[in-house]
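Q: One structure coming up, written as structure tokens, with questions to follow.
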Amino acid sequence: MQVKIVHNWQVTAAEARGIQEELTGRVVRLSDGMMPCNVAGVDVSVKRFGKARAAVVVLSYPQMELIEIQVIEGDPPFPYVPGLLSFREAPLILAACERLRSTPDLIMVDGQGIAHPRRFGIAAHLGLLLDTPTIGCAKSRLCGVSDMPGESPPSSCNLVDNGEVIGAVVRTKTGSQPLYISIGHKINLSTAVARVLACCRGYRLPEPTRLAHLAAGGNLGQRPIFG
């Protein structure tokens, strides 16, 4: 999988915000109408002594059969700064994606898409750089306000910031906290929510990001492409 757009990652926090503000206008908030054949999940786990492990897991869609796992370890190139997660995690994720032998049609990211103060969270950033449809599938809210969805899935409600709908708060499992779903790139919100729900298999997290989380934590062994 190739990175289609490249920019400097060795930047200050102010420069990073400037990059977000420059690139956010290039995010596409419409779907192409194509049904994905496979979907990837990505996640990063930061280990002791500052080391990080990025994982990308590719599954068939909608069957959710495991196709491929790639994991890469390294030093995060950027400190933890709220709102600038992609500058800390994206370089390692991109390196893992470049190792893929399969090409995902859709990527689900454990983080925000446009549900971000500058409308350019890590899911939007990765989607633009990889020129691939992406969905932000976050476990917590970064900005915006909403009602709470009903207790049973697939209840949902809009996440709104300054009068703009920036995402959806979606109940994916009874008794669990909702997820915050937002557009990353090349998808609309209703399709993003539908794709996430189609990937759920009884857990709070959809299978792509759930398995990526396990792989990043070292709890899911690397496997080759099937076939």
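Q: If you split all Cα-Cα distances of the range 177-223 into 5 Å bins from zero, what percentages do you get per bin, shortest first?
A: Cα pair-distance distribution for the range 177-223, in percent: 5, 19, 25, 22, 16, 10, 3.
Q: Express the Stokes-Einstein translational diffusion coefficient of the range 1-81 in µm² s⁻¹, to the nearest whole number, given a Kirkwood radius over alpha-carbon pairs, 37 °C and a viscosity of 0.692 mPa s.
A: 208
Q: While we're looking at this one, here's another question. Which value, in debye to the nearest 20, describes the size of the charge dipole of the chain about its Cα centre when Lys and Arg Cβ atoms bear +1, Asp and Glu Cβ atoms bear -1, and nothing else is charged?
A: 380
Q: Give the relative contact order (percent, whole number) for the chain; include only Cα pairs under 8 Å separated by 6+ residues.
A: In percent, rounded to a whole number, it is 24.
Q: Another question about this same structure. Quick one: plug the Kirkwood hydrodynamic radius of the range 100-163 (C-alpha pairs) into Stokes-Einstein at 20 °C, 1.002 mPa s, and report D in µm²/s.
A: The diffusion coefficient I find is 165 µm²/s.
Q: Using helices alone, I'd like the mean residue ellipticity at 222 nm for the chain: each DSSP H run of four-plus residues gives -39500 (n - 2.57), total over residue count, nearest 500.
A: -7000 deg cm²/dmol
Q: Putting +1 on Lys and Arg Cβ atoms and -1 on Asp and Glu Cβ atoms, find which of 94, 38, 107 reaches farthest to the positive end of the dipole of the range 9-153.
A: Projecting each Cα onto the dipole axis, the largest value belongs to 94.
Q: Rg to Rh ratio, the range 28-140, alpha-carbon atoms and Kirkwood radius?
A: Rg/Rh for the range 28-140 comes to 0.96.
Q: Taking the Cα centre of the range 52-98 as origin, sum charge times position over the Cβ atoms of Lys and Arg (+1) and Asp and Glu (-1), and report the length of that vector in debye to the nearest 20.
A: 160
Q: Quick check: convex hull over the Cα atoms of the chain, volume per residue in Å³, rounded to an integer?
A: 116
Q: Between 175, 157, 28, whose Cα lies farthest towards the positive end of the dipole of the chain when Lys and Arg beta carbons carry +1 and Asp and Glu beta carbons carry -1, centred on the Cα centre?
A: 175
Q: Now a separate question. How high is the relative contact order of the range 1-102? Use alpha-carbon pairs under 8 Å, at least six apart in sequence, and give a whole percent.
A: The normalised contact order for the range 1-102 reaches 29 percent.
Q: Checking the cross-link filter: which lysines have an alpha carbon closer than 24 Å to that of residue 47, excluding same-chain neighbours under 8 positions apart?
A: Within the straight-line limit of under 24 Å, residue 47 reaches these lysines: 139.
Q: Separate question: What size of dipole, in debye to the nearest 20, comes out for the range 85-149 about its Cα centre when the only charges are +1 on Lys and Arg C-beta atoms and -1 on Asp and Glu C-beta atoms?
A: In debye, rounded to 20, the range 85-149 gives about 160.
Q: Further question on the same structure: Summarise the long-distance tail of P(r) for the range 101-227 by giving the % of C-alpha pairs beyond 23 Å.
A: Cα-Cα pairs of the range 101-227 separated by over 23 Å account for 29 percent.
Q: What is the spin-label model distance, in nm, from residue 11 to residue 47 if the labels are put 7 Å beyond Cα along the C-beta direction?
A: It works out to 2.9 nm between the two label points.
Q: Something else: What is the Cα centroid distance between the range 56-83 and the range 10-54, reported in whole angstrom?
A: Each part reduced to its Cα centre gives a spacing of 11 Å.
Q: Could you tell me which of 193, 218, 203 has its Cα farthest along the dipole of the range 135-227 towards the positive end, charges placed at Cβ (Lys, Arg +1; Asp, Glu -1), taken about the Cα centre?
A: The Cα lying farthest towards the positive end belongs to 218.
Where a number appears in this text, it was derived from the coordinates with a stated rule and is not lab data. These figures come from a predicted structure and were not determined experimentally. Note that we place each Cβ from the backbone using ideal geometry, even for glycine, and neighbour counts take in every protein chain shown.
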